[in-house]
1. Which residue, ALA320, SER251, THR350, has the largest displacement toward the positive end of the dipole of the stretch 146-362 when charges sit on each Cβ (Lys, Arg +1; Asp, Glu -1)?
2. Please give the direction-averaged projected area of the C-alpha convex hull for the stretch 1-41, in square nanometres with one decimal.
3. Taking the dipole about the Cα centre of the stretch 4-136, with the C-beta of Lys and Arg at +1 and of Asp and Glu at -1, give me whichever of HIS133, VAL22, VAL113 is farthest to the positive side.
4. Would you please give the residues with an amide H less than 5 Å from that of ILE39, counting only those at least 5 places away or on a separate chain, with H modeled from the backbone geometry?
5. How big is the dipole moment of the chain about its Cα centre under a simple scheme where the beta carbon of each Lys and Arg is +1, that of each Asp and Glu is -1, and everything else is neutral? Debye, nearest 20, please.
6. Through the Karplus equation 6.51 cos²θ - 1.76 cosθ + 1.60, θ set to phi - 60°, convert the phi angles of the stretch 356-362 into ³J(HN,Hα) values in whole Hz; use x for Gly and Pro.
7. Could you order the peptides 65-71, 173-179, 306-312 from most to least packed, using the average number of other C-beta atoms within 10 Å per residue?
8. Which ³J(HN,Hα) values, rounded to whole Hz and listed in residue order, are derived for the stretch 88-94 from phi using the Karplus coefficients 6.51, -1.76 and 1.60 in 6.51 cos²θ - 1.76 cosθ + 1.60 with θ = phi - 60°, glycine and proline given as x?
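The values are calculated or read from the model by the stated rules, or taken from the named source; none is laboratory data. Bear in mind the structure is a predicted one, so any value in this text is a computation, not a measurement. Ideal geometry is used to build each Cβ from the backbone, glycine not excepted, and the neighbour counts take in all protein chains shown. Ligands, DNA and RNA are excluded from the accessible area calculation, which covers all protein heavy atoms including side chains. Shrake-Rupley method; radii C 1.70, N 1.55, O 1.52, S 1.80 Å.
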Amino acid sequence: MHTNEEIMLRCLRLAARGMGNVSPNPMVGCVIMKNGEIIGEGYHEKFGGPHAEVNAIRAASAPVEGAEVFVNLEPCSYYGKTPPCVDLLIEKRVAKVHIAMLDPNPRVNGSGVEKLREAGVEVEIGLLAEEAHRLNEAFVKYVSKKLPYVTLKIAQSLDGRIALANGKSKYITSRESLTRVHALRSEHDAVLVGAGTIRTDDPSLTVRLVEGKSPARIILDGNLSSPLKSTVFNDKKSRVIVIHSTRAGASSSRKMAALRKLGVELHSLPADRKGRLPIRSVLRLIARLGIASVMVEGGVEVFSELIRSGMADRLHLFIAPVIIGKGKAFADLIELTDLKKARRLGDIQTAQVGPDIMITGGF
Ligand code: AOF
Ligand code: ZN
């Protein structure tokens with residue numbers, strides 16, 4: 001026999017198989033039970049493809065009439081790229097639906113449950129709600145705030161440096177950490193760096209050490225100063241997006257044409273008084289591009305600004321057992337006079353990765 005919790009856990013496991021392929025849609029898994037047996041299961045496999053409920057019903061080995069359906073997100077109630085799952089569940093005359101969490105998508109948000117109940121289908125909400133929220137944290141933020149979920153990935157020395165004073169930082173952490181970073185990249189829709197990181201590191205920002213798709217690469221380059229020969233502009237491994245200031249756009253038409261020819265997407269924003277791209281507008285723009293999660297990989301300016309503005313959601317800090325001496329710390333541009341105002345993280349986890357320590361925390 002399976003407990004309801006075990007079955008919902010199975011939904012979450014199935015859902016997670018869609019990681020990297022469904023965003024900006026949620027990861028959803030569905031299990032159908034009849035007489036204490038699993039008669040069908042499925043998950044949302046691909047963005048734009050059938051929803052979890054549809055796949056589970058299609059896979060069912062027996063009629064689903066009178067069955068109990070488990071799904072980690074409220075079934076949808078509107079015509080998107082696919083017809084409403086709620087209609088299908090009603091038409092198939094299922095008896096009961098167990099939902100881990102309501103769909104924060106304003107087009108659903110409770111109306112799926114309402115429609116099911118009106119049609120006489122029993123609904124239970126809240127089983128493993130916390131786990132379900134965590135799995136779809138990026139989707140929840142994206143759909144309810146129209147902002148991407150922001151993860152900071154930082155590699156530093158034992159003495160807290162992400163680079164030498166001259167900017168050199170390749171490589172502070174181990175190959176094992178780098179492999180972990182590639183896995184994290186593949187779980188995000190995009191990676192983001194400032195133009196300084198492009199100039200000093202010339203990173204590729206792709207996924208090479210693990211299986212998985214390379215995320216879009218976003219470069220914050222207010223002045224359009226990144227060299228045309230930079231690796232990101234030339235390797236054609238994934239979408240490249242440059243965000244620059246409106247003013248730079250007006251005076252750099254040759255460079256912009258050259259970048260476009262390389263397949264780079266260009267977007268502009270008005271800079272602030274100090275000539276910087278306002279981070280909130282940057283994130284809004286990223287969300288408008290359909291990107292629900294971004295992993296930020298440098299440098300000091302971007303990290304400091306995201307932390308200061310409270311726009312970062314999660315931190316993955318890799319600490320290598322190496323001492324560098326004079327150099328840069330990731331939040332060097334933050335200056336406080338009151339310790340009470342310092343950003344303290346919660347939900348801390350630690351792990352050893354090869355010779356390095358990985359600390360994960362929530363802002
Ligand atoms: C999914 N997969 O298994 C469920 C979703 O454009 P559509 O038709 O794919 O609809 C996307 C919305 O459907 C999504 O934002 C979410 O609110 C809801 N549920 N979506 O991609 C699923 N159950
Ligand atoms: Zn649906």
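1. SER251
2. Working: hull surface 11.5 nm².
For the stretch 1-41, the mean projected area of the Cα convex hull comes to 2.9 nm².
3. Of the listed residues, the answer is VAL22.
4. Answer set, sorted by chain and number: ILE32, MET33, LYS34.
5. Values: 51 positive and 39 negative charges, 424 e Å.
In debye, rounded to 20, the chain gives about 2040.
6. Once θ is set to phi - 60°, the couplings for the stretch 356-362 become 9, 10, 10, 10, 10, x, x Hz.
7. Working: 65-71: 22.0, 173-179: 18.1, 306-312: 16.6.
The most tightly packed comes first, giving 65-71, 173-179, 306-312.
8. Working through the residues one at a time gives 5, 5, 5, 4, 7, 6, 5 Hz.
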